[in-house]
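Taken together, the values in this text are just the output of simple stated rules run on the coordinates, not laboratory data. Keep in mind the model is a prediction, meaning the values are calculated, not measured. Here Cβ is always computed from backbone atoms with ideal geometry, including for glycine, and neighbour counts include all displayed protein chains.
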Amino acid sequence: VHDLVDFVSEEGEIAGKSAALYAQNKLTANYHFFAVRPGQGLRTIVPQQIRVSAEKEPIELFMRVRKTEKQIILNVKSGAELLLTRKMLIVKPGEMIVVKIPIDKLADMREEINVSLEQQGAKV
C-alpha cells in the first residue's frame, strides 16, 4: 500500500521505462537477475527482483518496516559485501523508505540482495 502518490508515480515511471525499452527491443542483452529479500525488521520491499546490466542508473528499493523503531541502521548486502548503509533516527510502518544503490556497487555482485535493520551500536 502506498501512502503517497509520489511513490506510485515513481515506481510507474520505472516500470514504464523498462516496458518501453522491452517493446523496442532495446534492453541490454547482457544482464543478470537477482532476488531482493526483506530481512530483519522489514515487512515489504519492491522490487523483489532486480536486473543488473551495463546501464548506469542506480537501483531504487522501496520498503516498509514492521514496527516503529528509533536509532536504526538500514543495511543492504549481497552476501558478505555491504552495498549501502544508512542511519535513520526513526522508522515507521506508515512511511515508505526509499534508497538508491549506485550501479557500480552492483557490477560484481553474485548473490541475492538482503536488506535488514539493526539498532545503532550493533555490529554490521
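List of remarks:
- Nitroxide proxy distance, nm - points 7 Å out along Cα→Cβ at Lys100 and Lys70: 3.1 nm
- Database remark: amide H of Arg37 closer than 5 angstrom to the amide H of Ile113, Asn114, Val115 (H placed geometrically; neighbours at sequence offset of 5 or more, or on other chains; Pro and chain starts carry no H).
- Nonlocal amide H pairs with Leu42, under 5 Å, H built at 1.01 Å: Arg66, Leu117
- Farthest toward positive dipole pole in the stretch 33-124 [+1 Lys/Arg, -1 Asp/Glu at C-beta], among Ile103, Thr85, Gly121: Gly121
- Applying the criteria of a DSSP loop state and at most 13 other Cβ atoms within 10 Å to the GluC sites (Glu not before Pro) of the stretch 83-116 yields Glu95, Glu111.
- Candidates per trypsin sites (Lys or Arg not before Pro) in the stretch 43-124, loop by DSSP, up to 12 other Cβ within 10 Å: Lys56, Lys67, Arg110, Lys123
- Each Cα pair under 8 Å and six or more residues apart adds its separation to the average, and for the stretch 74-124 the resulting relative contact order is 53 percent.
- Stretchable slack from Phe33 to Ala20, in nm (0.36 nm times residue separation minus alpha-carbon distance): 2.8 nm
- Converting phi to 3J(HN,Hα) with the Karplus coefficients 6.51, -1.76 and 1.60 and the offset θ = phi - 60°, the stretch 87-97 yields 7, 9, 5, 8, 10, 9, x, x, 10, 6, 10 Hz in sequence order, with x at every glycine or proline.
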